[in-house]
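J.: My structure is below; once you've seen it, I'll send some questions.
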Amino acid sequence: SAVISQKPSRDICQRGTSLTIQCQVDSQVTMMFWYRQQPGQSLTLIATANQGSEATYESGFVIDKFPISRPNLTFSTLTVSNMSPEDSSIYLCSVQTGGNTEAFFGQGTRLTVV
Amino acid sequence: GENVEQHPSTLSVQEGDSAVIKCTYSDSASNYFPWYKQELGKRPQLIIDIRSNVGEKKDQRIAVTLNKTAKHFSLHITETQPEDSAVYFCAASTSGTYKYIFGTGTRLKVLA
């Protein structure tokens, strides 16, 4: 299993600013992912965070808007840049310790942009 | 890309009855199918999963079936209890990328 610490748990931000979300795992993991979950909706994959290389983004998400870092096998950050109210959502990091195995989720960051 | 459809979006059952949630996936290369339960304000948690080389898996009151030909998989909950009330998500994953594509979710309400 994996224990994930994600912070901040929530934030209220002004439009046009940026917020960086951190995800710390208690063990080295191969795969880390970032998801967005809008209220009452499903989880949408933003990108796969690759250790030591650029993240792999899903359709509709771009690096300029959601830059991701993954400096090592236990840590990743997601930045939501130049925020607008449409970015208000819950952002979750997720890890898997092996291919096609259980995904563990952080507790999520509830972002409100005003 | 991969798409996962999930039905129904909401489901109400009487306590003790069974609940069935169905998902359909589009990518025939998908080979891992987990189900997650998400209670209000909490993170998703795995309740059961199935791999493509297995047709059915059971864990106490919860079972999952997979029909690879039809690209369908279903979650079955028997003897439902009020604490089963939550949102359930199916997902599909493929060897290589291992990313999950989630279904749209089913809000299950178990009435006491």
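The values are calculated or read from the model by the stated rules, or taken from the named source; none is laboratory data. Quick caveat, the model's predicted, so the values are computed rather than measured. Here Cβ is always computed from backbone atoms with ideal geometry, including for glycine, and neighbour counts include all displayed protein chains. What goes into the accessible areas is simple: the full protein's heavy atoms, side chains included, and nothing from ligands, DNA or RNA. Shrake-Rupley method; radii C 1.70, N 1.55, O 1.52, S 1.80 Å.
J.: How much accessible surface does residue B:54 have with a 1.4 Å probe, in Å² rounded to 10?
T.: 60 Å²
J.: When you have a sec, figure out the Kirkwood radius of chain B from all distinct Cα pair distances and drop it here in Å to one decimal?
T.: Details: mean 1/r = 0.0715 Å⁻¹.
This gives a value of 14.0 Å.
J.: Name the aspartates and glutamates eligible as straight-distance cross-link partners of residue B:42: C-alpha to C-alpha under 16 Å, and not fewer than 8 places from it in the same chain.
T.: Leaving aside aspartates and glutamates fewer than 8 places away in the same chain, those within reach of residue B:42 are B:83, B:84.
J.: Evaluate E = 1/(1 + (r/R0)^6) for residue B:3 and residue A:22, where r is the Cβ-Cβ distance and R0 equals 35 Å; express this FRET efficiency to the nearest 0.05.
T.: Working: r = 31 Å, r/R0 = 0.89.
The formula returns an efficiency of 0.65 here.
J.: Multiply the residue gap between residue A:86 and residue A:62 by 0.36 nm, knock off their C-alpha separation, and tell me the result in nm, one decimal place. Let's see the in-between values first.
T.: Working: separation 24, 0.36 × 24 = 8.64 nm, distance 1.53 nm.
Full extension of this stretch gives 7.1 nm more.
J.: Right, something else. Nearest 20 debye, what's the magnitude of the dipole of the protein assembly as shown about its Cα centre given +1 on Lys and Arg Cβ and -1 on Asp and Glu Cβ?
T.: Working: 20 positive and 20 negative charges, 29 e Å.
Its charge dipole is roughly 140 debye.
J.: Roll a 1.4 Å probe over the protein chains and send me the accessible area per residue for chain B in Å². Provide the component values of the computation, followed by the final result.
T.: Values: 5690 Å² over 112 residues.
Averaged over the residues of chain B, the accessible area is 51 Å².
J.: Here is a follow-up. Can you give the extra length, in nm with one decimal, that the chain gains between residue A:13 and residue A:54 once fully stretched, where that is 0.36 nm per residue apart less the Cα-Cα distance?
T.: Working: separation 41, 0.36 × 41 = 14.76 nm, distance 2.65 nm.
Full-extension gain reported as 12.1 nm.
J.: Oh, and also: Which entries of B:57/B:99; A:65/B:99; A:7/B:71; A:7/B:22; A:65/B:109; A:7/B:68 show an alpha-carbon separation above 32 angstrom in the structure shown?
T.: Numbers: B:57/B:99 22 Å; A:65/B:99 21 Å; A:7/B:71 38 Å; A:7/B:22 34 Å; A:65/B:109 37 Å; A:7/B:68 39 Å.
Where the Cα-Cα span goes over 32 Å, the pairs concerned are A:7/B:71; A:7/B:22; A:65/B:109; A:7/B:68.
J.: Among DSSP bridges having both ends in the protein assembly as shown, what percentage is antiparallel? Round to the nearest 5. If you can, show how the numbers build up before the last one.
T.: Values: 71 of 80 bridges.
For the protein assembly as shown, the DSSP antiparallel bridge percentage is about 90.
J.: Now for a different question. Note down the relative contact order for region B:1-74 as a percent, whole number, built from C-alpha pairs under 8 angstrom at least six residues apart. Walk me through the numbers on the way to the answer.
T.: Details: 107 pairs, mean separation 19.2, N = 74.
Once normalised by length, the contact order is 26 percent.
J.: Run the numbers on region B:67-112: which residues show a drop of 40 Å² or more in accessible area, chain on its own versus all protein chains together, using a 1.4 Å probe over heavy atoms?
T.: So the qualifying set is B:98, B:99, B:100, B:102.
J.: What fraction, in whole percent, of alpha-carbon pairs in chain A exceed 16 Å separation?
T.: Working: 3597 of 6441 pairs.
More than 16 Å apart: 56 percent of the Cα pairs in chain A.
J.: I'd like to know which of B:28, B:90, B:6 lies farthest towards the positive end of the charge dipole of chain B, counting +1 on Cβ of Lys and Arg and -1 on Cβ of Asp and Glu.
T.: The residue sitting most towards the positive pole is B:28.
J.: Find the centroid of the Cα atoms in region A:74-100 and in region B:15-66, then give the distance between the two in whole Å.
T.: Using only Cα atoms, the two centres lie 24 Å from each other.
J.: So how do B:10, A:79, A:97 rank on accessible area, 1.4 Å probe, biggest first, that is with the largest at the start? Intermediate values should be presented prior to the final figure.
T.: Details: B:10 90, A:79 25, A:97 70 Å².
Descending order: B:10, A:97, A:79.
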